[in-house]
Amino acid sequence: MRKKLLLTFAIVVCFALGATVAQAKTLTLGLKGEPTSLDPHFHNVSANNMQALYIFDKLIRQDNRQKLQPGLAESWAPISETVWEFKLRKGVKFHDGSPFTAEDVKFTLERIPNVPNSPSSFSGFVNEIKTIDIVDANTIRLTTEKPSPLLPRQLAAFTIISKKNAEGASTADFNSGKAAIGTGPYALVKWERGDKIIYKRNDAYWGEKLPWDEIIVRPITNDGTRVAALKSGDVDLINFVPPADIDHLGKESKIHLSESPSTRLIYLHLDSDRDDSPTVTGNNGEKIKNPLKDPRVRKAISKAINRRAIAARIMDGLAVPASQMVPDGYEGTSTRLKPEAYDPKGAKKLLELAGYPEGFKIIINGPNDRYVNDSDIAQAIAQMLTKVGIKTEVSTMPKSVYFGRASKLEFSLMLVGWATDTGEQSNCLASLLHTYDADKGFGASNRGRYSNPQLDSMLEEALVTVDQDKHNDLIIKATEIGISDTGIVPIHYQVNVWGMKKGLDYNGRTDGYTIPREIISGK
């Protein structure tokens, strides 16, 4: 009898364990980009920022349309013109069980400007903060040198780390997992570079209920391979579905597609600073003074580009020709700016007026594994420029190589992408068009070293203007100056598409991020 009872008990236990295993949910994501680091403050680039949201939390969250929401801060308010107070969420714990407090916020804010060898720093988001005062464990006050109406938006651009685990830690310590201890929805298990990142659910997470026990992120750079992985069932969801695959995937009975408008701008940065630019020569290969310093040449390049053709043919309609750095309707966007009209005759005329009737030679550099159809876009632009007399060659490379070289200013004409961290245009101006100033954190991604004192002055005034209408007016005027002077050449805004197996749904985000806590059972 006793043996029979033991056997029955064993069967029940095995059944229960089997049920638990059966109910365990693993979500496998096939993502186009792999982070360069898991240090959330090392490199301000989308692939890194997205993975940071798996492990860490922001003080202030953004919803899928980048509107501000409470995060680790439950509320925030100005208590004077130069002081903001943040009330922190109580009871939040890091993955190791240690409590989240104001000390962690202070530590994070002080660390950001001091991350060694950062190729694109977050310091511009915190450079206005003069003092950090801890009122108590759940209250912190930030004093700025001048009024800072955008401070909450700026604090929504990065995640908070643990002082206990990150003090004295290097970027390598985050990459190994030693310091990658956050308050986020998932804890890092391991990162096998080039193969996968594995996360496990944080059962003590303060936020919404998490449907997935385990997340496996597989970086799949090649578009065809990523689509094939979805069709075969090797992954459950992919991002950046190639435009050419939309039609046939839409006909697959086991696959569901979801698309979203995007703030992802694809643009050209031009070396408008140096007399001797590295990839510009005369038609016979001789050294010449950098023609990109002349605004007429920059405008000629813009006029030579057929944006509608790129959107229709290269992007199969999943792009919107761009007029500025953020799509229409966002804060600080100009209603007067329109996408540059395709005008090859006008481009040739401007080149002639600038003293280059026979053009010159240049190389356009870009990544070949970062943005949707990035290499094809570079090729198309090269052909268009060549038609107006700027004889253009293409050199693309993996993003792991490209961004490091671009940050060292090795290129003259660069294909780049940018998605606003803050959901408005001042973020783009400060990073892309303000004169480079490492001490103040301006121009962190200004790889063309464009500089315009009038733009700088207007932007800096806007950043301390509390009146919202006046603030937006200054941002719009600064944007119009930079675009009219062709500090960058806007090409298009991506429309992002996700593909997933039936039974999943994802509403998509304007920042292009793929966030597991937002992936639900649906279609």
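Once backbone amide H atoms are built at 1.01 Å from N, V189 has I198, Y199, K200 as its partners under 5 Å, excluding neighbours fewer than 5 places away on the same chain. For the chain, the mean residue ellipticity at 222 nm estimated from helices alone is -8000 deg cm²/dmol, where every DSSP H run of n ≥ 4 contributes -39500 (n - 2.57) and the total is divided by all residues, rounded to the nearest 500. Reported to the nearest whole Å, the Cα centre-to-centre distance from the range 91-111 to the range 475-523 is 30.
Here each label is just a point 7 Å from Cα along the line to Cβ, and for H248 and N114 those points are 5.5 nm apart. Between V135 and D96, the FRET efficiency from the beta-carbon distance, with R0 = 35 Å, is close to 0.85. Return the whole-Å distance between the Cα centroid of the range 52-68 and the Cα centroid of the range 280-338. One Cα centre to the other: 31 Å.
Rounded to the nearest 20 debye, the dipole magnitude of the range 263-495 is 960 debye, with +1 charges on Lys and Arg beta carbons, -1 on Asp and Glu beta carbons, and the Cα centre as origin.
The relative contact order of the chain comes to 20 percent, based on Cα pairs under 8 Å that sit 6 or more residues apart.
For the range 318-384, the residue among Y371, M325, L353 whose Cα projects farthest onto the positive side of the dipole built from Cβ charges is L353. Within the same chain, lysines fewer than 8 places from K251 are excluded, and of the rest, those with a Cα less than 18 Å from its Cα are K231, K501, K502, K523.
Here the label points at K87 and I515, each 7 Å from Cα along the C-beta direction, are separated by 2.2 nm in the simple model. Close amide H contacts of S162 (hydrogens built in the peptide plane, cut-off under 5 Å, sequence separation of 5 or more or a different chain): I181. Placing a label point 7 Å from the Cα of E214 along the Cα-to-Cβ direction, the residues of the range 22-59 whose backbone N falls under 17 Å from that point are 22-30.
In the structure displayed, which of K349/K408; K338/K470; K163/K200; K287/K408; K32/K361 lie more than 27 Å apart, Cα to Cα? Too far apart for the 27 Å limit: K349/K408; K32/K361. Please list, in order, the residues from the range 349-366 whose amide nitrogen is less than 13 Å from a point placed 7 Å along the Cα→Cβ vector of E393. Residues 361-365 fall inside that zone.
Counting only Cβ charges, +1 for Lys and Arg and -1 for Asp and Glu, the dipole size of the range 29-219 around its Cα centre is about 340 debye. Residue separation of A341 and Q69 scaled by 0.36 nm, minus their Cα-Cα distance, works out to 94.1 nm of gained length. When Rg/Rh (Cα atoms, Kirkwood Rh) is calculated for this entry, the matching label among (1) 1.01; (2) 0.98; (3) 0.96 is (1).
This model, with +1 at the C-beta of Lys and Arg and -1 at the C-beta of Asp and Glu, gives the chain a dipole about its Cα centre of some 1500 debye. Please work out the C-alpha center-to-center distance from the range 339-394 to the range 112-175 and express it in whole Å. The range 339-394 and the range 112-175 have Cα centres separated by 40 Å.
The modelled label-to-label distance for the pair I79/Q383, using points 7 Å beyond Cα in the direction of Cβ, is 6.2 nm.
For V401 and R313, the difference between the fully extended length at 0.36 nm per residue and the C-alpha to C-alpha distance is 28.9 nm. Could you tell me which residue out of A430, A180, G448 lies farthest along the dipole of the chain toward its positive end? Charges go on the beta carbon: Lys and Arg +1, Asp and Glu -1, centred on the Cα centre. My answer, from the dipole projection, is A180.
We did not get these values from a lab; they are worked out from the coordinates using the rules stated. Predicted model only: the values in this text are computed from it and were never measured. Every residue, glycine as well, gets a Cβ built from its backbone with ideal geometry; the counts of neighbours run over all protein chains shown.
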